[in-house]
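The values are calculated or read from the model by the stated rules, or taken from the named source; none is laboratory data. Note that the structure is predicted; figures quoted are calculated from it, not measured. Here Cβ is always computed from backbone atoms with ideal geometry, including for glycine, and neighbour counts include all displayed protein chains.
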Amino acid sequence: MRILLVEDERAIADFIARGLTEHGHGVDIAYDGDEALHWPDVADFDVIVLDVMLPVRDGVQVCRILRDQGVRTPILMLTARDAIEDRVRGLDSGADDYLVKPFAFAELLARVRALTRREPALLGASLRVDDLVLDTTTRTVARAGGPIELTAKELSLLEYLMRHPNQVLTRTMIAEHVWNYDFDSVTNVIDVHVRNLRRKIDGPFERKLIQTARGAGYRISGRSNE
């Protein structure tokens, strides 16, 4: 998934971004409130991780403005303040969840995963297409009951495909959700990752799930997506 991280302390921002990237997510970083408001016009994000204490505009102001502008992206607020009134103020501004610093990185990942499952169609920890199952909590994949080893980026690519079964996803859409703003979409990196993913997911099986929509992009389809 693609995540917007808004954090003015660069050491913290680099640490969080590195961890998210290692788990296969595309991460863009904003270092102040005004920059944060600019990013949703540039790209479509799956989650916004928003620090409260920011220069120019604080996170609560940013969250309120984004909601007033109709941005419905799930927002996880980060803050060193743990007073109840501060958390209430953040949630009342439109945030979906709240995490107090310092936090365990594993908890941040769990909160992000939970926010992406808020849509009714995505509730639950598992995604399933035909006999392929991806557990978003353990980040494990199995087909016909057999485990499949994927890289972090392959996992993110597969998750994006499985969250949109039977839909053709263009290379641009894939780049925007699985990579980040600096990604060079002119390269064949996406095609290489899809080819590697197809080899692992479909290679040993007669029924192929990952399909190429010639001239358009890729989709994943099976007999049942329930």
ask   = Is it true that some residue in the stretch 138-153 is within 25 Å of Ile48 (Cα to Cα), loosely packed, with under 15 Cβ neighbours inside 10 Å and at pLDDT 90 or above?
value = yes
task = Would you tally the residues in the stretch 24-48 being more than 15 Å from Ile75 (Cβ to Cβ), in contact with a Ser or Thr (Cβ under 8 Å, 6 or more places away or on another chain) and not in a strand (DSSP E or B)?
result = 2
ask   = Just checking, which of Leu76, Leu91, Leu54 is within 17 Å of the chain's Cα centre (by Cα) and either modelled with pLDDT under 90 or surrounded by 15 or more Cβ atoms within 10 Å (Cβ to Cβ) (or both)?
value = Leu76
note = Flagged in the stretch 49-82 as of a type in the set (S, T, N, Q) and in a strand (DSSP E or B), in numbering order, are Thr79
ask   = Taking Asp131, is it under 30 Å from Ile210 (Cβ atoms) and not assigned by TED's automatic domain parsing to the domain that holds Asp14?
value = yes
ask   = What do you reckon, is Val129 at pLDDT 90 or above and more than 24 Å from Glu22 (Cβ to Cβ)?
value = yes
query = Quick check: is even one residue across the stretch 200-213 in a strand (DSSP E or B), β-branched (Val, Ile, Thr) and modelled with pLDDT of 90 or more?
reply = yes
note = Result of the Cβ filter at 9 Å on the stretch 92-107, keeping first residues that are outside the structural domain of Ile16 (by TED's automatic domain parsing) and on the phi < 0 side of the Ramachandran plot and partners that are charged (D, E, K, R) and in a loop (DSSP other than H, G, I, E, B), at least 6 apart or interchain, is none
ask   = Do we find a residue being modelled with pLDDT under 90 and assigned by TED's automatic domain parsing to the domain that holds Ser93 anywhere in the stretch 26-35?
value = yes
